[in-house]
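Q: I'd like to ask some things about the structure below.
The values are calculated or read from the model by the stated rules, or taken from the named source; none is laboratory data. These numbers come from a predicted model, not from an experiment. So basically every Cβ, Gly included, is an ideal-geometry build from the backbone, and we count neighbours across all protein chains shown. In case anyone asks, the SASA skips ligands and DNA or RNA and just uses the protein heavy atoms, side chains included. Shrake-Rupley method; radii C 1.70, N 1.55, O 1.52, S 1.80 Å.
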Amino acid sequence: MSANQLRIVVVVDVVGAVAAETLDGSVWLMDSNKSGGSTNEGTRQLQTTVRKGDQLIWTTMSLECEAFAAIDAIEIDPAYCEVTRGVYEGTDISYWLGKVKKDPGDAVVPYNVHFKLGSRPGAVSMSGPNLPAITGGRT
Amino acid sequence: MAGTINIVLSVDVIAALSNRSLQGSVHMLDDSPWPGENPGTARLTTYCWPGWQINWTVQQVDLQTPAVIRNIRFKNPGSEETPGGRWTAFGDAGNTRVWSGIVPFCLIPGYRYWYEIEVEMARGVNSILSVETPSLVVPTALKLLA
Amino acid sequence: MAQQLGIVIIIDVEAALRAGSLEGCTYCFDNAGPFGTTGMGTDKLVSAIRGTYWQDGSQASEHVLNFVATGVSSLPITLPRDYQHHRARLLELATLSAARAVAGGAARSKAVADIRTALAHIKVPQLSTIKLPSGHQIEHALLNHFGEPVSADATPDTSRVAQLPPVITGVTGEAVEKGIIFPAQYGSPDLVNGGWYWSATVATATPKVWSYTLHLLLHRFINDPASPEPRWEPVPLTLDGKLNITSKPMRNGFTGGGTGFLPIGMSY
């Protein structure tokens with residue numbers, strides 16, 4: 001089967017995260033690959049099943065429509081997935097593109113997402129150990 | 001005739017939480033018949049008269065964020081003590097408190113009574129922030145108002 | 001006191017169309033998570049509404065629900081709603097100026113082959129038709145997941161086309177029938193986001209868990225080689241949600257009861 005493009009949406013409660021100084025309890029992930037075997041949809045431990053060659057496209061969404069949220073960086077083992085940032089042309093809204101270079105097989109490869117939230121100067125990242133991940137076995 | 005004065009705190013909640021401070025994110029206004037000093041800032045001075053009722057409310061600029069007044073504490077002249085609302089230990093009931101009170105008859109005209117107003121926004125380490133710069137003053141020139 | 005509650009509904013449209021139901025492929029959220037909402041990230045959201053009342057029993061605080069729906073495979077909702085229109089237009093303008101450039105150079109061009117090569121690189125956006133339940137049709141330029149117009153020469157692969165966001169068409173159910181919520185569609189002055197959204201005010205006098213039904217319209221992408229353009233067929237589906245309404249009395253922050261003197265000017 002040919003390589004797929006999979007969408008991953010990261011929902012953030014910006015007010016909750018900025019008030020509590022942590023993303024714990026304020027971040028959830030879901031992807032477009034439920035029928036391909038992804039699990040833990042709608043939680044922070046989303047596991048997306050992938051194959052070599054697949055493209056993952058991450059975007060973020062704030063629970064409060066007035067709040068600013070953007071993905072500042074995605075940290076993932078570059079041996080499995082190479083990430084780059086892109087922008088929707090003509091806007092300042094960004095997405096992150098990941099190219100799966102190696103099939104993870106049975107391995108669970110976790111990744112960390114760093115955010116810029118509200119008018120907070122620095123980035124906030126998800127704290128381990130319950131991180132989202134990619135794994136092999138996409139159907 | 002005693003009247004009512006409304007003091008509104010307009011808060012940019014996300015900016016306040018992001019900067020961990022209400023400075024620059026809170027804008028106070030009142031509708032007293034005698035115009036206050038420094039409207040639109042956290043240093044509002046509201047002119048009021050004994051027997052008048054003052055109502056404090058908070059209005060968040062980013063409408064979907066939770067914000068309530070958690071406490072208002074007045075600084076009494078000549079004492080470091082800052083007695084506050086006696087019912088501050090309500091726990092979870094932040095949104096069940098209404099902050100209104102009558103200006104007492106014992107206030108010294110012309111004397112600035114500072115108060116600290118505490119705002120609670122969402123939940124977490126940064127959620128309770130306060131400003132200590134607003135004040136109430138009874139004007140020295142007596143004006144008879146209908 | 002007056003806080004607006006945002007209820008966000010994110011739908012895995014492809015899974016929902018396959019199952020014929022929104023159950024199991026819808027992820028709902030609201031921003032009262034720290035205040036008692038349960039079911040965040042699932043299709044069983046129970047939103048906490050903390051109502052308050054005055055001494056005379058009348059409702060003390062305003063509660064407004066704002067519903068936002070989008071798809072996992074849709075473009076971010078922060079992009080303008082007519083982004084596809086804007087991108088298609090830019091592509092068309094680029095195409096026109098490329099065509100003019102070729103025409104301008106025709107006199108100097110050595111061969112027809114040169115002109116053919118130049119023209120072959122010109123891109124035209126792939127248009128599609130959205131069929132509305134009313135029978136009307138509107139045109140929509142296909143965009144991929146990066147916001148770029150899909151080229152008309154390429155055969156659009158369904159998974160590589162940005163999904164149209166699901167649209168909320170109404171709110172019904174027990175909460176509406178019993179006058180607990182009053183839903184209406186509002187026009188937002190924010191033209192960048194296309195303007196329409198569903199909102200509901202809440203009467204909190206009857207504390208209970210109330211249910212409501214959201215009506216959503218999904219669009220199935222159909223790429224039929226026999227027809228000139230791909231099209232989107234409307235698929236209406238419903239989703240149930242719940243509101244957990246509680247109500248507490250308002251108390252004066254200074255006295256704990258009714259209005260009294262402000263605690264100033266005297267030692268306490």
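Q: Just to be sure before I move on: is B:Ala15 open to solvent by less than 10 Å² (accessible area, probe 1.4 Å) and within 26 Å of B:Ala122 (Cβ to Cβ) in the structure I sent?
A: No, not satisfied.
Q: Just the residues that are hydrophobic (A, V, I, L, M, F, W, C), in a loop (DSSP other than H, G, I, E, B) and either more than 7 Å from every other protein chain (Cβ to nearest Cβ) or in contact with a helix residue (DSSP H, G or I) (Cβ under 6 Å, 6 or more places away or on another chain) (or both), please, taken from the stretch C:243-261.
A: C:Met250
Q: When the residues of the stretch C:33-43 are filtered to those that are under 19 Å from the mean Cα position of the chain (by Cα) and open to solvent by less than 30 Å² (accessible area, probe 1.4 Å), which remaining residue is nearest to C:Leu243 (Cα to Cα)?
A: In this case the residue turns out to be C:Asp43.
Q: For the stretch C:14-32, check the following and say yes or no: at least one residue is more than 19 Å from A:Val10 (Cβ to Cβ), in contact with a helix residue (DSSP H, G or I) (Cβ under 7 Å, 6 or more places away or on another chain) and open to solvent by less than 30 Å² (accessible area, probe 1.4 Å).
A: yes
Q: Out of all the residues in the stretch B:36-50, is one or more in a loop (DSSP other than H, G, I, E, B) and within 15 Å of B:Ser100 (Cβ to Cβ)?
A: Within the stretch B:36-50 (the criterion being in a loop (DSSP other than H, G, I, E, B) and within 15 Å of B:Ser100 (Cβ to Cβ)), the answer is yes, since at least one residue qualifies.
Q: Determine if the stretch C:88-106 includes at least one residue that is more than 23 Å from the chain's Cα centre (by Cα) and assigned to a loop (DSSP other than H, G, I, E, B).
A: Scanning the stretch C:88-106 turns up at least one residue that is more than 23 Å from the chain's Cα centre (by Cα) and assigned to a loop (DSSP other than H, G, I, E, B).
Yes/no matrix, rows are residues, columns are (1) touching a residue at least 40 places away in the same chain (Cβ under 8 Å); (2) more than 8 Å from chain A (Cβ to nearest Cβ); (3) surrounded by 21 or more Cβ atoms within 10 Å (Cβ to Cβ):
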{"position": "C:Ala48", "(1), (2), (3)": "yes, yes, no"}
{"position": "C:Thr52", "(1), (2), (3)": "yes, yes, yes"}
{"position": "C:Gly57", "(1), (2), (3)": "yes, yes, no"}
{"position": "C:Val64", "(1), (2), (3)": "yes, yes, no"}
{"position": "C:Val68", "(1), (2), (3)": "yes, no, no"}
{"position": "C:Tyr83", "(1), (2), (3)": "yes, no, yes"}
{"position": "C:Ala88", "(1), (2), (3)": "yes, yes, yes"}
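Q: Look at the stretch C:3-13 and say how many of its residues are farther than 29 Å from C:Trp232 by Cα and either open to solvent by less than 30 Å² (accessible area, probe 1.4 Å) or at the interface with chain A (Cβ under 7 Å from one of its Cβ atoms) (or both).
A: The number of residues fulfilling the criteria is 1.
Q: Which residues, taken from the stretch A:108-139, are over 19 Å from A:Ser32 (Cβ atoms), within 18 Å of the chain's Cα centre (by Cα) and assigned to a loop (DSSP other than H, G, I, E, B)?
A: Passing the criteria: A:Ala123, A:Met126, A:Ser127, A:Gly128, A:Pro129, A:Asn130, A:Leu131.
Here is a yes/no grid of residues against (1) touching a Ser or Thr at 6+ places or on another chain (Cβ under 7 Å); (2) modelled with pLDDT of 90 or more; (3) surrounded by fewer than 17 Cβ atoms within 10 Å (Cβ to Cβ):
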position: B:Ser100; (1), (2), (3): yes, yes, no
position: B:Phe105; (1), (2), (3): no, yes, yes
position: B:Tyr111; (1), (2), (3): no, no, yes
position: B:Glu118; (1), (2), (3): yes, yes, no
position: B:Arg123; (1), (2), (3): no, no, no
position: B:Leu144; (1), (2), (3): no, no, yes
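Q: Next up: Quickly run through the stretch C:112-145 and pick out the residues that are surrounded by 16 or more Cβ atoms within 10 Å (Cβ to Cβ), in contact with a strand residue (DSSP E or B) (Cβ under 6 Å, 6 or more places away or on another chain) and assigned to a loop (DSSP other than H, G, I, E, B).
A: C:Lys123, C:Leu142, C:His145
Q: Looking only at the stretch A:1-40, filter to residues that are acidic (Asp, Glu) and within 14 Å of chain B (Cβ to nearest Cβ); which one of those is nearest to A:Cys65 (Cα to Cα)?
A: Residue satisfying both the conditions and the ranking: A:Asp13.
Q: Does any residue of the stretch A:75-82 turn out to be more than 15 Å from A:Ala133 (Cα to Cα) and either open to solvent by 70 Å² or more (accessible area, probe 1.4 Å) or out of contact with any helix residue (DSSP H, G or I) (no Cβ under 7 Å at 6 or more places or on another chain) (or both)?
A: No, every residue in the stretch A:75-82 fails to be more than 15 Å from A:Ala133 (Cα to Cα) and either open to solvent by 70 Å² or more (accessible area, probe 1.4 Å) or out of contact with any helix residue (DSSP H, G or I) (no Cβ under 7 Å at 6 or more places or on another chain) (or both).
One line per residue, one yes/no per condition, for (1) touching a helix residue (DSSP H, G or I) at 6+ places or on another chain (Cβ under 7 Å); (2) buried (at least 18 other Cβ atoms within 10 Å of the Cβ); (3) on the phi > 0 side of the Ramachandran plot:
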{"site": "A:Leu6", "(1), (2), (3)": "no, yes, no"}
{"site": "A:Val9", "(1), (2), (3)": "no, yes, no"}
{"site": "A:Val18", "(1), (2), (3)": "yes, yes, no"}
{"site": "A:Ser35", "(1), (2), (3)": "yes, no, no"}
{"site": "A:Glu41", "(1), (2), (3)": "yes, yes, no"}
{"site": "A:Arg85", "(1), (2), (3)": "no, no, no"}
{"site": "A:Phe115", "(1), (2), (3)": "no, yes, no"}
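Q: What residue, among those in the stretch B:125-135 that are open to solvent by less than 10 Å² (accessible area, probe 1.4 Å) and under 17 Å from the mean Cα position of the chain (by Cα), is farthest from the other protein chains (Cβ to nearest Cβ)?
A: Filtering first and then ranking leaves B:Val131.
Q: Restricting to the stretch C:230-268, name every residue that is farther than 19 Å from B:Pro50 by Cβ, open to solvent by 60 Å² or more (accessible area, probe 1.4 Å) and among the aliphatic types (A, V, I, L, M).
A: none
Q: Is it true that some residue in the stretch A:56-66 is touching a residue at least 60 places away in the same chain (Cβ under 8 Å), away from chain B (no Cβ under 14 Å), in a loop (DSSP other than H, G, I, E, B) and open to solvent by less than 30 Å² (accessible area, probe 1.4 Å)?
A: no
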